[in-house]
1. Along region 101-114, what does the Karplus equation 6.51 cos²θ - 1.76 cosθ + 1.60 (θ = phi - 60°) give for ³J(HN,Hα), rounded to whole Hz, x for Gly and Pro?
2. For region 274-425, what class follows from the C-alpha gyration tensor (a ≥ b ≥ c being the square roots of its eigenvalues): rounded when a/c is under 1.5, otherwise prolate if a/b is larger than b/c, else oblate?
3. Can you tell me which of Pro312, Pro177, Pro148 moves the most in a GNM of the chain? Springs connect C-alpha atoms under 10 Å apart.
4. For Ser153, Ser391, what ranking results if the residue with the fewest other Cβ atoms within 10 Å of its Cβ goes first?
5. Neighbouring Cβ atoms within 10 Å as the yardstick, rank Asp310, Asp353, Asp331 fewest first.
6. Pop a pseudo-label 7 angstrom from the Cα along the beta-carbon direction at both Thr4 and Ala217 and give the gap in nm to one decimal.
7. In region 304-395, what trypsin sites (Lys or Arg not before Pro) fall in a loop by DSSP, with at most 12 other Cβ atoms inside 10 Å?
8. Tell me, what HN-Hα J-couplings in whole Hz come from the Karplus equation 6.51 cos²θ - 1.76 cosθ + 1.60 at θ = phi - 60° for each residue of region 264-271, using x for Gly and Pro?
Amino acid sequence: MTLTIFLGSLLLAMAIGIPISFALLACGVALMLHMDMFDAQILAQNVIGGADNYPLLAVPFFLLAGEIMNVGGLSKRIVEFALALVGHIRGGLGYVTIVASVMLSALSGSAVADAAALTTLLLPMMVAAGHAPQRAAGLIASAGVIAPILPPSIGLVIFGVAANVSISKLFMAGIAPGLLIGVSLWITWAIVARKENIVPPPRKSAGEVFATFRRCAWALFLPVIILVGLRFGVFTPTEAGVVAAVYALFVSSVIYRGLKFSQLYGIFVTAAKTTAVVMFLVAAAMVSAWLITVADLPGKVVGMLQPFIDSPILLMAAIMVLVMIVGTAMDMTPTILILTPVLMPVVKAAGIDPVYFGVMFIMNNAIGLITPPVGVVLNVVAGVGRMSMDSVTKGVLPFMLAQFIIMFLMVLFPWLVTGPAKFFH
């Protein structure tokens, strides 16, 4: 009955159009009333306590870094370097998109920011070169979701806080899966683009590639600083966010001089608004997380999944299918905040490595950003690229399928995640 009240109140609140953060609060109140323990003070304490969390400081700083990079020209230079590197290959602009998305993902950690930047910079170029608009938009959308998997991933930060798992370990474990997602897109693009008869631009000489690298080196150096700093314990993930924001600000304003002082106010306001949405979601979810524990919902879910407990692979497959279904209707952050406290006890009972589970869970949620009908990244690409949602959805299908295949390969062979994670950590 408690599980029914929890899901019923949450789904009803969402169905009548209440924003997800307020729906989570309504769900918490419904559970409190059901258990005859409603207390406004407990509600307020959990909301305040949910946002009062040091690791969560990484979120506003990485969001700020992403905004600065897009406005200050770092994103443009990443694309310029990728174009010099692989632009000459047949279907080269598609490969440029994939390479640029991997580089951008290692800078911002936000799928929406990366997808918007790539759509602005590359979609007109791809269409002008003769690529089918829906296929180009589908590739850009699917490449954008690499950001929540590769460090510094905002999704991994939120999961680490919600599940009490080391964010540094999650970051290191996300490197190989993020790169494999990029490889899957590369192979898929090679297959779907082979029928297109488009003449690529001439190959850049080694000297031209090196000259482009020199121009873009400051932008390319940021992910190296973050990964090396985290790997050798120079700074925490939270401090890495500060380093990224300060470095991006310095390079954009002093080195490249693409950022004007007058633009700073707008950048800070945009980052603050996005941060406010994310942090209020986290704060509201902590009420539900506390009540989930009090009502012992995880125990009930463990009981329901008992037949799978002895087979970690079957259990992971069942959870991944569940998250896939939820991802078609719900955005990434609320899915993490709602399902993490419910699923983590099940994962621990089955003896599954929490870091491995965290990376798989975030990967699934990331792909959910391009699954219709909600698909936040699909909406961003359609809006920025001035295309219909239907055409972007059709274009994204082969790439989304490839990503799901990679995900289930990692369910069958966990060492694809755990093996490289041991090497990086």
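Computed from the coordinates by the stated procedures, all read-outs in this text should not be read as laboratory data. Just so it is clear, the structure is predicted and the values come from calculations on it, not from any experiment. Cβ atoms come from the backbone with ideal geometry, glycine included; neighbour counts cover every protein chain shown.
1. 5, 5, 5, 5, 4, 7, 10, 9, x, 10, 5, 5, 4, 5
2. Values: a/c = 1.93, a/b = 1.31, b/c = 1.47.
Verdict is oblate for region 274-425.
3. Sorting by GNM fluctuation, first place goes to Pro312.
4. On the way: Ser153 32, Ser391 17.
Least crowded to most crowded, the residues run Ser391, Ser153.
5. Working: Asp310 10, Asp353 19, Asp331 16.
Lowest to highest Cβ neighbour count: Asp310, Asp331, Asp353.
6. 6.7 nm
7. Numbers: sites: Lys348, Arg386, Lys394; in loops: Arg386.
The qualifying sites are Arg386.
8. Once rounded to whole Hz, the list reads 4, 4, x, 5, 5, 5, 4, 5.
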